[in-house]
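Any read-out appearing in this document is the output of simple, stated calculations on the displayed coordinates, not a laboratory observation. Model, not experiment: these values are computed from the prediction. Counting neighbours? That spans all protein chains shown, and the Cβs are built from the backbone with ideal geometry, glycine included.
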Amino acid sequence: MSSKHQQQRGAIGKVLMILLAVLAVGALWLYLDEDSARELKQEVEIRSMAVIGEAVAKRLGSSDGEATHGSAVDLIQRPIEIREVAENIQYATGVGNTIMITTSEGNVLLDTGLVLQSASQLRLLKEQVSDAPIHYIILSHSHADHIGGTRFWTGEDTEIVTHKNFEEEQRYLSELEPYQFGRNRTLFPWLPAWEDRPNLEMMRYGGIVPTITVDDWETYRFTLGGMEFEVIGVPGAEGADNIVLWLPQQKTLITGDFFGPQFPQFPNIFTMRGEKICKPVEYIKSLDMIIALEPEIIIPSHLDPTVGAQEIREGMVRIRDAVQYVHDETVAGMNAGKSVYELMKEIKLPPHLELVQNHGKVDWAVKSIWEYYMGWFHFDSTTELYPVPARDVYADLASVTGNEVLLSLAQNYLTKGEPVKTLHITEIALAGDPQSAPALSLRQQALEELLVRAESGMQNDYEIYWLKSQMAQTASTN
Ligand SMILES: [Zn+2]
C-alpha cells in the first residue's frame with residue numbers, strides 16, 4: 001500500500017473516531033436544555049469538520065502533479081490565514097474568504113467559505129480576531145464556496161441576511177447537484193468522485209433559511225455598535241441572488257462574487273460550467289448603483305482587496321462599458337441578420353475597454369446574450385427541432401467515407417491552423433472507430449493547439465480546464 005493510501009486510511013480512521021464521539025455525546029443531549037444541546041452539537045460538528053478539512057488539505061497538499069490544474073488548485077491550496085483590511089474588518093483566506101466585521105456590540109460576517117475549510121477559518125477568526133457573538137451573517141449568494149460554514153457560525157439570535165431569491169437558487173442547485181457535480185469535477189479534477197465525496201449531513205449543500213431578505217436594487221440597513229451596514233441587492237452577477245455589503249462610514253464595499261475572482265475583469269455573463277444566465281442589462285444597472293457609492297476599498301470573497309477610489313472607479317466604469325459594448329454590438333449584429341457564430345468571431349473589445357478574460361470571455365458572452373434573448377432555437381437548421389443531432393449520422397458517414405479520407409482531411413485542417421475543424425472531423429472518424437489511434441492522435445494534437453492558443457491568449461481558466469480534461473480523456477482512450 002502506498003503511503004498516500006495509508007495517509008488516507010489514517011484520516012478515515014480519525015473521522016470514524018470523531019463520529020463515534022458524536023454518537024456518544026448524542027446521549028448527553030437528552031439531559032441538556034435546548035440551547036446548551038444545540039451549542040454542544042455545533043461544537044462537536046466543528047471539531048469533526050476540522051479533522052475532515054485537515055485530511056482533505058493534506059491530500060491536496062501532497063498532490064503529485066497530476067492534480068495541478070491551474071488556478072482552481074492554487075485557490076484550494078491557498079493557506080488559510082487571517083488578513084486585516086482595517087482594524088474592524090478582517091478576513092480568513094481560503095477558496096472563499098470569510099470576512100468578519102467587529103463592533104463593540106458584536107460581529108457581522110460576510111460569507112462563510114467552503115465547508116471543508118470552514119472549521120479552520122472559524123478557529124482562526126475566533127482566536128485571532130474576536131470571539132464575540134455573531135449578530136448577522138450576510139451571504140453574498142447561494143454558491144457552495146460562500147455558505148459552507150454558516151451552520152457552524154449561527155447562534156441563537158443570529159440573523160441570516162440574503163437576497164430574496166436565495167432559497168430558490170439553493171433549491172435548484174440542490175436538485176441538480178449530482179449533475180452539476182459531474183461538470184465541476186471535469187473542470188476541477190481534485191474533487192472526489194460523486195460516490196466518494198463525504199456525505200455527512202453537516203457537509204451537505206443547502207438547507208439555509210434566511211431570516212432577512214433583500215430584493216433587487218433594494219437596500220436593507222442596520223446599525224450595530226455605532227456602525228452602519230447596508231445590504232444591497234445587485235442582480236446580474238453570479239447567480240440570481242447576488243448581494244453586496246456597503247459600509248458607508250469606511251467607504252468599503254464587500255462584493256462577494258459581484259466582480260468575479262479578480263478586479264477588474266470581464267464578467268462571466270453565462271458561466272460555461274453551466275447555471276442560469278447573469279442578465280447583462282441588470283448587471284449594468286447594478287454597476288451604476290455601485291459606482292455611485294464611490295467605494296475606496298473593495299473586498300471580494302475570492303483573493304484579495306483592491307484599494308484606491310480612482311482605480312476602483314476606473315475598473316468599474318470599464319467593466320460596465322465593456323458589458324454594454326458587447327451587449328449593444330450583439331443586438332446590432334442580430335438586427336443586421338448576422339449569425340451567432342459570425343458575431344462571436346467579429347465582436348472584440350475596443351482598446352479603451354480592454355479587460356482580462358480569464359473568468360468571463362467576450363465571444364462566450366456574445367453567445368450568451370444571443371441565447372438569453374432568443375433561446376434554444378437558432379433558426380438555423382430544421383434538425384435543431386428534433387432529437388436527432390448530427391452526431392447520430394457520424395458512424396454511417398465514417399463508414400461510407402472511410403477512415404483514410406477523414407484522417408487526411410483532419411490533418412489538412414490541422415496543418416492549415418484550423419484545429420476546431422480537425423476536432424469536427426475526428427469526431428466523425430471516432431464515431432466510426434472509437435479506438436482509432438491516428439484519429440485519437442489528431443484529436444490530441446488539435447486539443448494541444450487550442451491549449452497553446454488559450455494559454456498564450458486570453459488565458460481563460462475554464463477553457464484551459466476544459467481542454468486539459470479533454471486531453472486527459474483522449475490520452476486515457478489511447
Ligand atoms: Zn465564488
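Listing for the model above:
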read-out	value
Cβ-Cβ FRET estimate between GLU84 and ASN335, R0 fixed at 41 Å, reported to 0.05	0.20
10 Å binning of all Cα-Cα separations within the range 174-257, expressed as whole percents from 0 upward	14, 32, 27, 21, 6
Translational diffusion coefficient (Stokes-Einstein; Kirkwood radius from C-alpha pairs) of the range 254-399 at 4 °C, 1.567 mPa s, in µm²/s	76
Calculated FRET value between GLN249 and TRP194, using beta carbons and R₀ = 45 Å, to 0.05	0.45
Hydrodynamic radius (Kirkwood) for the range 161-214, which is based on Cα pairs only, to one decimal in Å	12.6
Approximate spin-label separation GLU201-THR477, in nm, with each point projected 7 Å along Cα-to-Cβ	4.4
Pairs of Cα atoms farther than 22 Å apart, the range 70-147, %	17
Antiparallel content of DSSP bridges confined to the chain, in %, to 5	65
Stretchable slack from TRP376 to GLU404, in nm (0.36 nm times residue separation minus alpha-carbon distance)	6.5 nm
Label point distance in nm, ASP392-SER36, each placed 7 Å from Cα along Cα→Cβ	6.8
Centre separation in Å (Cα based) which lies between the range 96-146 and the range 436-477	39
Extension reserve of the ASP131-THR219 stretch, reckoned as 0.36 nm per residue once the Cα distance is removed	28.9 nm
The range 328-356 versus the range 155-183: alpha-carbon centroid distance in Å	34
When the range 322-434 is reduced to its Cα atoms, the Kirkwood hydrodynamic radius in Å	16.6
With eigenvalues of the C-alpha gyration tensor scaled by 5 and rooted, the chain, Å	42, 30, 19
Qualifying trypsin sites (Lys or Arg not before Pro) for the range 327-422 [loop in DSSP, other Cβ within 10 Å: at most 10]	LYS416
Distance in nm between pseudo-label sites at PHE181 and LYS285 (7 Å out along the Cβ direction from Cα)	3.7
